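Any read-out appearing in this document is the output of simple, stated calculations on the displayed coordinates, not a laboratory observation. If you're wondering where the values come from, they're calculated on a predicted model, not measured in any experiment. Cβ sites come from the backbone with ideal geometry, for glycine too, and all protein chains shown count toward neighbours.
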Amino acid sequence: MESADDGPEAADLHCAPDDLPDGLVVADERGRVVCFNAAAVRITALEPAAVLGRPLTEALPLEDLKGRRWWRLIDPYGGLAIRTGHPERNLLLPGNREVLVAARYVRDGRTGPVRKLIVTLRGTEARRRSERSHAELIATVAHELRSPLTSVKGFTATLLAKWERFTDDQKRLMLETVHADANRVTRLIAELLDISRIDSGRLEVRKQRVDVVAAVHRHVEAQTTAGQDPARFRTLVRRELPDLWADPDKVDQVLGNLLENAVRHGEGLVTIEVAPATLNHGREGTQVTVSDEGPGIPEESMSRVFTRFWRGSKRGGTGLGLYIVKGIVEAHGGIITVGRAPGGGARFRFTLPVGAPAHLA
Ligand SMILES: Nc1ncnc2c1ncn2[C@@H]1O[C@H](COP(=O)(O)OP(=O)(O)OP(=O)(O)O)[C@@H](O)[C@H]1O
Ligand SMILES: [Mg+2]
């Protein structure tokens, strides 16, 4: 595809068509294929020799999903002269293999004749995978919402129909269940909103000075007020801690989830250690380690604990907690790992960069 008028710009790209991850097909002003890169060969399973020099419309017979010849539909060299290209769309190669195709016209001037037709080809596997994972997500969410809502519906219907027949204690019990299930739905929805922010990169981090040690103490206190034995918790703090700049609400969410998991899924003493640490590129950070003495996470499941909806035991909640925790830590530029505590339980360790604002660094 090299030609004199590709000029310095093409040379400046420092890459050849075969280096591109997507299939690239270029046709000249007469519609003959002049470039058919390695990815195009892989995607179409056509030999370059069978394509190069031949008319594009014959060499690459694309059809739309209704079986119509695509080149005839768009009439690349004859259609409207103001067209600049065609957005990506799903087409079929011979043998009904799907391919994502986009095209761009290079013209003489803005509305001149087509000098080159550039076509990119991409496989559909990645898109299919993400469509499948969306469908799975929706199915799981619907399932998770259904069970608490079924109970809310059942109990309220029963109460409305037979109000007089129940004692106050029975009514209270049913209302408490309804209340707990409504809370579960609210929490699930809040978690789903967090997940959608994490997945789309819109999780906002509003940094302020955060006193992690005070936050840890607050969370331990919340657990003991909720009925846990204070002797179950031990907090170790290494003194020379750097000032941490992070989003205080999100740090609370992380600590709350990890402590809740240690109490709910773990056993025995829960140890929380706060210490200074170094992240990659020598970045200064603050590290928090939460370990317990329970069964821990089996080796073969460690790579899955941070995926959404994964839960190891029947005692599990929705399995979103750790996914959100990881999303929050990473939105801060930090890292989180899971391992085995010296006592055999689970050990979750996250490190946040101290992240001092530039004007204070
Ligand atoms: N400290 C721990 N010890 C043993 N297993 C754990 C521990 N923490 C998490 N797990 C396992 O990892 C799974 C996923 O944890 P995660 O916090 O993501 O979800 P969850 O606690 O089940 O539900 P949620 O946090 O959404 O209410 C848990 O179901 C549990 O099996
Ligand atoms: Mg959890």
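Towards the positive end of the charge dipole of the chain, with charges on Cβ (+1 Lys, Arg; -1 Asp, Glu), say which of 274, 178, 44 has the farthest Cα.
Most positive-ward Cα: 178.
Write out the trypsin sites (Lys or Arg not before Pro) in region 146-225 meeting two conditions: DSSP loop, and at most 12 other Cβ atoms within 10 Å of their Cβ.
202, 206
Spin-label point model (7 Å from Cα, Cβ direction): what's the residue 97 to residue 135 distance in nm?
Using points 7 Å along Cα→Cβ, the separation is 2.2 nm.
Got the relative contact order for region 208-360 handy, in percent, Cα pairs under 8 Å and 6 or more residues apart?
Normalised by residue count, the contact order of region 208-360 is 25 percent.
Would you mind calculating the gained length between residue 80 and residue 304 on full extension (0.36 nm times residue separation, minus the Cα-Cα distance), in nm to one decimal?
Taking 0.36 nm per residue and subtracting the Cα distance, the gain is 75.4 nm.
Mind checking which lysines have their C-alpha under 24 Å from residue 207, skipping anything on the same chain fewer than 8 residues away?
250, 326
So what's the angle, to the nearest 10 degrees on a 0 to 90 scale, between helix 125-162 and the longest Cα principal axis of the chain?
For helix 125-162, the angle is close to 40 degrees.
Please report how many Lys pairs in region 48-195 have alpha carbons closer than 28 angstrom, counting only residues at least 8 apart along the chain or sitting on separate chains.
4
Treat every Asp and Glu Cβ in region 4-123 as -1 and every Lys and Arg Cβ as +1, leave all other atoms uncharged, and give the resulting dipole magnitude about the Cα centre to the nearest 20 debye. Mind dumping the intermediate values first?
Values: 17 positive and 17 negative charges, 126 e Å.
About 600 debye.
Using only Cα atoms and rounding to the nearest 10 degrees, what angle (0 to 90) does helix 248-264 make with the longest principal axis of the chain?
Long axis of 248-264 versus the principal axis of the chain: about 60 degrees.
Relative contact order for the chain: what percent, with Cα pairs under 8 Å and sequence separation of 6 or more? Don't skip to the end; give the middle numbers.
Values: 543 pairs, mean separation 37.0, N = 361.
Computed value for the chain: 10 percent relative contact order.
What does the charge count near residue 254 come to, summing +1 for each Lys or Arg and -1 for each Asp or Glu among other residues with Cβ under 12 Å from its Cβ?
Counting the neighbours of residue 254, the net charge comes to -3.
Can you bin the chain into rounded, prolate or oblate? Criterion: square roots of the alpha carbon gyration tensor eigenvalues sorted a ≥ b ≥ c, rounded for a/c under 1.5, prolate for a/b above b/c, oblate for the rest.
Because a/c hits 1.5 or more and a/b exceeds b/c, the chain counts as prolate.
Based on Cβ point charges of +1 for Lys and Arg and -1 for Asp and Glu, what charge dipole magnitude is obtained for the chain about its Cα centre, in debye rounded to the nearest 20?
980
For residue 244, list long-range residues whose amide hydrogen, built 1.01 Å from N in the peptide plane, is under 5 Å from its own amide hydrogen.
Hits under the 5 Å cutoff: 210.
Compute the helix-to-body angle for 321-331: its Cα long axis versus the longest principal axis of the chain, expressed 0 to 90° and rounded to tens.
Tilt of helix 321-331: around 60 degrees.
Run the numbers on region 1-154 and let me know its relative contact order in percent, using alpha-carbon pairs under 8 Å that are six or more apart.
Values: 212 pairs, mean separation 29.5, N = 154.
Taking the mean separation of contacting Cα pairs over the length of region 1-154, I get 19 percent.
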